[in-house]
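The values are calculated or read from the model by the stated rules, or taken from the named source; none is laboratory data. This structure is a prediction, so every number in the text was calculated from the model and none was measured. Don't worry about glycine lacking a Cβ; one is built from the backbone with ideal geometry, like all the others, and counts go over all protein chains shown.
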Amino acid sequence: MTKLPATLPAWLALLETRHSKEIDMGLERVAAVKQRLGILYDCPVIMVAGTNGKGSTCAMLEAILLQAGYRVGLYSKPHFLDFNERARINGRMVEDPAFIEAFAEVEAQRGEISLTYFEFTTLAICKLLADAKLDVVILEVGLGGRLDAVNVIDADVAIVTSVDIDHVDYLGDTREKIGFEKAGIFRTGKAAICGDPLPPQSLIDHAMEIGADLWLFGRDFNYNGDKQQWNFAGRSQRRNSLGYPSLRGANQLLNASAVLAALEVLKHRLPVGAQEVRNGLVMVDLPGRFQVLPGRPVVVLDVAHNPHAAATLAQNLDNMGFHAYTYAVFGSMLDKDIDGVIAQLKGKVDHWCVTGLPLPRAASAQQLEQRLHAAGVPADAERSIQSFATPEQAYAYAIGKAGENDRIVVFGSFLTVAGVMRARRSARH
């Protein structure tokens with residue numbers, strides 16, 4: 001019998017080499033192993049999908065439910081610095097020994113079935129959370145919904161935060177096609193919440209066809225507010241005089257409204273008081289989503305990697321007030337709509353620091369520089385484009401050049417933000 005890895009890094013290194021495809025769409029293999037593992041939840045499960053806003057929605061749900069005193073499990077992805085970020089129980093990252101034990105269980109049960117890194121780790125985390133005697137579990141979908149490994153679990157409440165163009169090779173090249181894929185997490189007779197103000201018809205049609213209980217923003221739930229506070233209205237529940245979420249950004253009230261709609265659905269199983277909602281929204285924390293770091297120059301971290309998210313980032317930058325110059329540290333996967341992202345942000349950036357990333361499917365710095373030139377971004381006395389091999393090098397250059405009244409915006413792939421987080425952590429130690 002092959003000896004199993006003894007450490008979490010060794011397990012992860014093994015899993016990265018196991019399966020021939022990084023992404024292998026389909027649920028048959030995952031469902032078979034899930035059944036062998038006996039994964040069952042005896043508590044409500046909330047599943048969250050969407051092009052953008054998934055992480056923020058999961059973080060708000062977790063923060064509010066923890067404030068209400070519930071035992072909460074969360075599966076989110078990807079991670080920035082440590083794999084352990086992907087699973088939390090009661091707000092704390094799961095530690096290595098629990099992961100090692102769960103991985104060994106999956107390995108023992110999978111038999112002849114080959115699993116991708118994502119499928120294997122998803123099953124391990126779902127098993128770990130199912131065995132943890134929780135009051136509620138929150139599961140973030142990775143890619144799409146219908147064929148994502150997380151979708152082998154039946155959710156009591158499914159949330160689709162937004163639908164926009166991303167992952168076109170796997171999900172399709174229109175909002176209608178992508179909306180159908182996201183709607184795949186809906187279940188017959190269960191609440192299906194859509195926070196997108198303009199949902200694709202395909203999503204609505206699928207919910208109706210399977211008999212899901214569809215909640216639409218603007219019809220079944222809504223919000224209004226002023227600069228000081230905001231109010232939520234659902235089908236039968238109102239929450240007034242709420243403070244704004246501590247997560248910055250133009251779309252956070254849409255995400256928060258979908259969260260409160262989900263809590264309205266579950267109000268008899270998981271009652272949550274007004275003060276617990278207020279406290280949760282104020283205390284929620286999520287790295288890399290328009291995260292403004294303290295100090296000067298101002299540094300903003302944002303994982304905007306598609307045009308929809310880039311448009312939101314541009315709007316948020318406009319709302320920040322005056323900065324003499326803006327430096328951008330930008331890295332992207334090659335399969336993203338790089339031109340669409342640049343179009344949203346080219347008027348907001350004075351100096352571009354483009355970077356390669358440590359994955360074969362990443363765009364090189366030279367390719368990003370070419371896209372910037374093609375988009376009409378000038379290189380003159382007032383503007384510049386510099387290329388770097390790594391995010392750490394790009395950030396070091398930007399921090400060396402920027403004045404205290406400037407700002408540095410780090411955006412694009414999770415790996416771009418993670419590289420800068422790693423550089424800042426190293427500088428502190």
Just one of the numbered conditions (1) within 26 Å of Val303 (Cα to Cα); (2) surrounded by 19 or more Cβ atoms within 10 Å (Cβ to Cβ) is not true of Trp230; which one?
(1)
Take Thr2 and decide whether it is more than 22 Å from the chain's Cα centre (by Cα), outside the structural domain of Pro271 (by TED's automatic domain parsing), polar (S, T, N, Q) and over 29 Å from Arg187 (Cβ atoms).
yes
Out of (1) touching a residue at least 24 places away in the same chain (Cβ under 8 Å); (2) assigned to a loop (DSSP other than H, G, I, E, B), the odd one out for Leu66 is which?
(2)
Reported set for region 103-152 where residues are assigned to a loop (DSSP other than H, G, I, E, B) and either among the hydrophobic types (A, V, I, L, M, F, W, C) or buried (at least 22 other Cβ atoms within 10 Å of the Cβ) (or both) is Ile113, Leu115, Ala132, Leu134, Val141, Leu143, Gly144, Gly145, Leu147, Asp148
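For region 161-211, which helices (runs of 4 or more DSSP H) that fit wholly inside it have 1 or more residues that are modelled with pLDDT under 95 and out of contact with any Leu (no Cβ under 6 Å at 6 or more places or on another chain)? Don't jump to the end; show me each part of the working.
On the way: elements: 168-171, 175-182, 201-210.
Output list reads 168-171, 175-182.
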Here is a check on your reading of the model: is Val48 closer than 20 Å to Lys127 by Cα and more than 15 Å from the chain's Cα centre (by Cα)?
no
Confirm whether Ile89 is closer than 29 Å to Gly38 by Cβ, touching a Pro at 6+ places or on another chain (Cβ under 9 Å) and either in the same structural domain as Arg422 (by TED's automatic domain parsing) or touching a residue at least 12 places away in the same chain (Cβ under 8 Å) (or both).
no
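Going by the structure shown, is Cys43 in contact with a Ser or Thr (Cβ under 7 Å, 6 or more places away or on another chain), of a type outside the set (Ser, Thr, Tyr), outside any strand (DSSP E or B) and in contact (Cβ under 8 Å) with a residue 24 or more places away in the chain? Steps first, please.
Values: in contact with a Ser or Thr (Cβ under 7 Å, 6 or more places away or on another chain): no; of a type outside the set (Ser, Thr, Tyr): yes; outside any strand (DSSP E or B): yes; in contact (Cβ under 8 Å) with a residue 24 or more places away in the chain: yes.
In short, no.
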Residue hits (region 218-230; in contact with a Phe, Trp or Tyr (Cβ under 9 Å, 6 or more places away or on another chain) and either modelled with pLDDT of 95 or more or not in a loop (DSSP other than H, G, I, E, B) (or both)) are Phe221, Asn222, Tyr223, Asn224, Gly225, Trp230
Filter region 153-163 down to the residues that are out of contact with any Gly (no Cβ under 9 Å at 6 or more places or on another chain) and crowded, with 19+ Cβ neighbours inside 10 Å, then identify the one that is nearest to Ala87 (Cα to Cα).
Ile153
Residue selected from region 199-211 under the condition free of Cβ contacts under 8 Å to residues at least 40 places away in the same chain and among the hydrophobic types (A, V, I, L, M, F, W, C), by the criterion farthest from Gly243 (Cα to Cα)
Ile210
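Specify which of the listed residues (Val277, Val298, Val292) is surrounded by fewer than 20 Cβ atoms within 10 Å (Cβ to Cβ) and either acidic (Asp, Glu) or touching a residue at least 60 places away in the same chain (Cβ under 8 Å) (or both).
Matching residue, one of Val277, Val298, Val292: Val298.
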Search result, residues across region 189-211 that are within 17 Å of Asn151 (Cβ to Cβ) and buried (at least 21 other Cβ atoms within 10 Å of the Cβ):
Ala191, Ala192, Ile193, Cys194, Leu203, His206, Ala207
Going by the conditions given, is Gly142 under 30 Å from Val163 (Cα atoms), out of contact with any Gly (no Cβ under 8 Å at 6 or more places or on another chain) and at pLDDT below 95?
yes
Exactly one of Thr57, Thr51 is within 29 Å of Pro307 (Cα to Cα), part of a helix (DSSP H, G or I) and not basic (Lys, Arg), and that residue is Thr57
Within region 11-42, count every residue that is surrounded by 12 or more Cβ atoms within 10 Å (Cβ to Cβ), under 29 Å from Leu359 (Cβ atoms) and either touching a strand residue (DSSP E or B) at 6+ places or on another chain (Cβ under 8 Å) or modelled with pLDDT of 90 or more (or both).
10
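What is the residue count in region 266-279 for residues that are in contact with a Pro (Cβ under 9 Å, 6 or more places away or on another chain) and among the hydrophobic types (A, V, I, L, M, F, W, C)?
The total comes to 2.
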